[in-house]
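Q: Here it is, the structure in full.
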Amino acid sequence: MSAPSNNNNSARQLAIRYGFLVLLIALVLFFSVQTDGFASPQSAVFILQSVAITGILALGVTATLVVGGFDLSIGSVATTAMMASAYVMVVMGGDALTATLVCLAIGVLVGLINGVLIVYMRVPDLLATLGMMFLLVGLQRIPTEGRSIATGMTMPDGSAATGTFSPSFLALGRHRFDFILPNLLPVSVVVLIVLAILIWFFLEYTRFGRMMYAVGSNERAAQLAGAPVNRYKIGAYVISGVFASIGGILMAARLGRGDIASGNNLLLDSVAAALIGFAVLGAAKPNAFGTAIGALFVGILLQGLTMMNAPYYTQDFVKGAVLVVALVFTFALSQRSRK
């Protein structure tokens, strides 16, 4: 009787570890057969570009999940950074470096405030970051009375904004590197890959990353072991804020304006990518590699549905269904395998 049981456990472990990757490969093959041009290099790059900003934000969310927290303010941080960069250059006449530094400072400041509220003020992470989200949504609209920022726009005082986006800043969102084909690989994709590798290495192979996992796994035990738990938790929210601001910079550089409504779906898509990452390789925990694969999965799914002319209003339903199935599949099988 033990042999069939062992075989079942082995099959279950294989399903937990590789089931999601098999699903991803099957999805690529299905869309490649069903749609013309899906398997082309241009389509692959378009998918990567479409998920670059979402993936960067999701990597920031992953850092907070690692320490047992959660950041709902990432979408509003990204949009605030986008609006701030546009305001600095278009309204104030600043240069690309100043705009970039202002955006990064916003990310650090918001991360610090979130961390302090959660760690020292004992505000639950969901409530603290939800409050910050609404605060930033309102704050970013005040300087222009709710209008998007573009060259030549009329300001609330009646003056015209005469500044322009710096060409070097716009290159962050529009320049493409030669890769296999000329002008194929966007800067945003390169930034996503670099940040994914950095945060993956940081979390998996450095003492600080391992301590962050220890804090998220058992905060009390980490405290008893002498770990500066509060600093690690605040640091995770700072990482999330900085990654969100980088996403906002790339979004502003791609659009060439401060679009007040462009970040509406960033939060949901980023959270979906981070949570789908739990199912990759059976990790059942937040991890940078899984998050990157989750973002890629969402991009492939949406691109395939778009190329098959699926109605736009079905896409959120499909994303939600995939997320629920992936997590239920992973955690249900994981719990059974422990029994």
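FYI, it's all coordinate maths here, none of it is from the lab. Please read all numbers here as calculations on a predicted model, not as lab measurements. Backbone-built Cβ (ideal geometry, glycine too); neighbour counts: all protein chains shown.
Q: If each DSSP helix of 4+ residues adds -39,500 (n - 2.57) and the sum is divided by the residues in the chain, what number results at 222 nm, nearest 500 deg cm²/dmol? Mind showing how you got there, number by number?
A: Values: 13 runs with 237 residues, N = 339.
Using -39500 (n - 2.57) per qualifying helix, the result is -23500 deg cm²/dmol.
Q: Treating the beta-carbon of each Lys and Arg as +1 and of each Asp and Glu as -1, no other charges, what is the dipole magnitude of the chain about its Cα centre, to the nearest 20 debye? Kindly include the intermediate steps, with their values, before the conclusion.
A: On the way: 19 positive and 12 negative charges, 212 e Å.
Charge dipole, the chain, about its Cα centre: 1020 debye, nearest 20.
Q: I'd like to know which of Y120, A227, L275 lies farthest towards the positive end of the charge dipole of the chain, counting +1 on Cβ of Lys and Arg and -1 on Cβ of Asp and Glu.
A: Toward the positive end, the furthest listed residue is A227.
Q: For the chain, take the alpha-carbon Rg, divide it by the Kirkwood Rh, and send me Rg/Rh.
A: Numbers: Rg = 21.3 Å, Rh = 21.2 Å.
That ratio equals 1.01.
Q: For each of I47, I113, I180, I276, count neighbouring Cβ atoms within 10 Å of the residue's Cβ, then give the residues from fewest to most. Could you put the intermediate results ahead of the total?
A: Numbers: I47 22, I113 19, I180 9, I276 25.
Placing the least packed residue first, the sequence is I180, I113, I47, I276.
Q: Right, something else. Among K285, K233, K319, what is the fewest-to-most ranking by other Cβ atoms within 10 Å?
A: Ranking K285, K233, K319 by Cβ neighbours within 10 Å, fewest first, gives K285, K319, K233.
Q: Tell me the chymotrypsin sites (Phe, Trp or Tyr not before Pro) within segment 120-166 that lie in a loop according to DSSP and have at most 14 other beta-carbon atoms within 10 Å. Present the calculation step by step, with values, prior to reporting the outcome.
A: Values: sites: Y120, F134, F165; in loops: Y120, F165.
Here the sparse-neighbourhood loop sites are Y120.
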